[in-house]
1. Looking at (1) over 27 Å from Thr105 (Cα atoms); (2) touching a residue at least 40 places away in the same chain (Cβ under 8 Å); (3) open to solvent by less than 90 Å² (accessible area, probe 1.4 Å), can you tell me which one Ser154 breaks?
2. What's the number of the only condition in (1) in contact with an Asp or Glu (Cβ under 7 Å, 6 or more places away or on another chain); (2) outside any helix (DSSP H, G or I) that Ser85 fails to meet?
3. Please indicate, with yes or no, whether at least one residue in the range 106-117 is touching a Lys or Arg at 6+ places or on another chain (Cβ under 9 Å) and under 25 Å from Leu132 (Cβ atoms).
4. Consider the range 1-30. How many of its residues are over 25 Å from Glu58 (Cβ atoms) and surrounded by 14 or more Cβ atoms within 10 Å (Cβ to Cβ)?
5. Is it the case, given these coordinates, that Leu221 is of a type in the set (A, V, I, L, M), open to solvent by 90 Å² or more (accessible area, probe 1.4 Å) and either touching a strand residue (DSSP E or B) at 6+ places or on another chain (Cβ under 9 Å) or without any contact (Cβ under 8 Å) to a residue 24 or more places away in the chain (or both)?
6. What are the residues in the range 58-89 that are touching a residue at least 12 places away in the same chain (Cβ under 8 Å) and over 24 Å from Ala18 (Cβ atoms), if any?
7. Kindly establish whether Ser33 is closer than 30 Å to Ala147 by Cα, hydroxyl-bearing (Ser, Thr, Tyr), open to solvent by 60 Å² or more (accessible area, probe 1.4 Å) and under 20 Å from the mean Cα position of the chain (by Cα).
8. Could you tell me which of the residues Ala138, Ala145, Ala128 is among the small types (Gly, Ala, Ser) and either in contact with a His (Cβ under 9 Å, 6 or more places away or on another chain) or surrounded by 10 or more Cβ atoms within 10 Å (Cβ to Cβ) (or both)?
Amino acid sequence: MQARDVMVSPVITVDSNATVQRVASLLLQHRISAVPVVGKDSELVGIVTEGDLMHRTEAGTERPYSWWLRLLVGDAQMASDYVKSHAVKIADIMTRKVVTAAPETPLHEIAMLLEKHGIKRVPIVDEAGHLLGIVSRANLLQAVASARPKLEISPTDSAIRKKLLGELREQPWAHTFNLTATVQNGVVDLWGYAQSAAERAAIRIAAEAIPGVVAVNDHLLETPIMAY
């Protein structure tokens, strides 16, 4: 699946002249946690998240600075925090360098972007930078929850075994010279050695994921020693 398959579109947006109060109201009204900021031609110019509005003078939640903390963070950081807590317009507090993706981006790459940058959503833009949609962590969970099993003709036991061993040979963590598998009536029995508990669990999960498998019996032994 690609970003276009799960993205939310159209997206609730604001322009850079919107007030902080207006954005706060939008977040509450639509039960969302961020609002993209767009220009005149719908090009993405920034994003504002609920985190940007946590330390505000209206709520009395500005960051407190003790004398020693003032010495530690410096004047520039304190001035930046003042802007965050007192600015009237979104243009002064929005994040301008936004992590984005194209609509053709595979979902596994979207997941990696979210994890790498510690963010909760990725705006989807076209080649000209125009906002097309947005993909959040929740949208990835929805893709998992709505997944349907592939309809396939029940494979033979030999086909199951071949597919399992082929899958494991492609994994750099799997020491296939230490293991084998037997399959009877869709029941897989795993035999041999795994060099760690993590490898053992991964082998079992690989077997369970093969279409046609009805059960997996794990007889693997854990040992760091190579066995033939």
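1. Failing condition for Ser154: (3).
2. It is condition (2) that Ser85 fails.
3. Within the range 106-117 (the criterion being touching a Lys or Arg at 6+ places or on another chain (Cβ under 9 Å) and under 25 Å from Leu132 (Cβ atoms)), the answer is yes, since at least one residue qualifies.
4. Residues flagged as over 25 Å from Glu58 (Cβ atoms) and surrounded by 14 or more Cβ atoms within 10 Å (Cβ to Cβ) within the range 1-30 amount to 7.
5. Criteria met by Leu221.
6. Passing the criteria: Tyr65, Met78.
7. So Ser33 fails the test.
8. Every option except Ala138 fails the conditions.
The values are calculated or read from the model by the stated rules, or taken from the named source; none is laboratory data. These numbers were taken from a predicted model, which means no experiment stands behind them. Every residue, glycine as well, gets a Cβ built from its backbone with ideal geometry; the counts of neighbours run over all protein chains shown. Areas reflect the complete protein model, heavy atoms only, side chains present, ligands, DNA and RNA absent. Shrake-Rupley method; radii C 1.70, N 1.55, O 1.52, S 1.80 Å.
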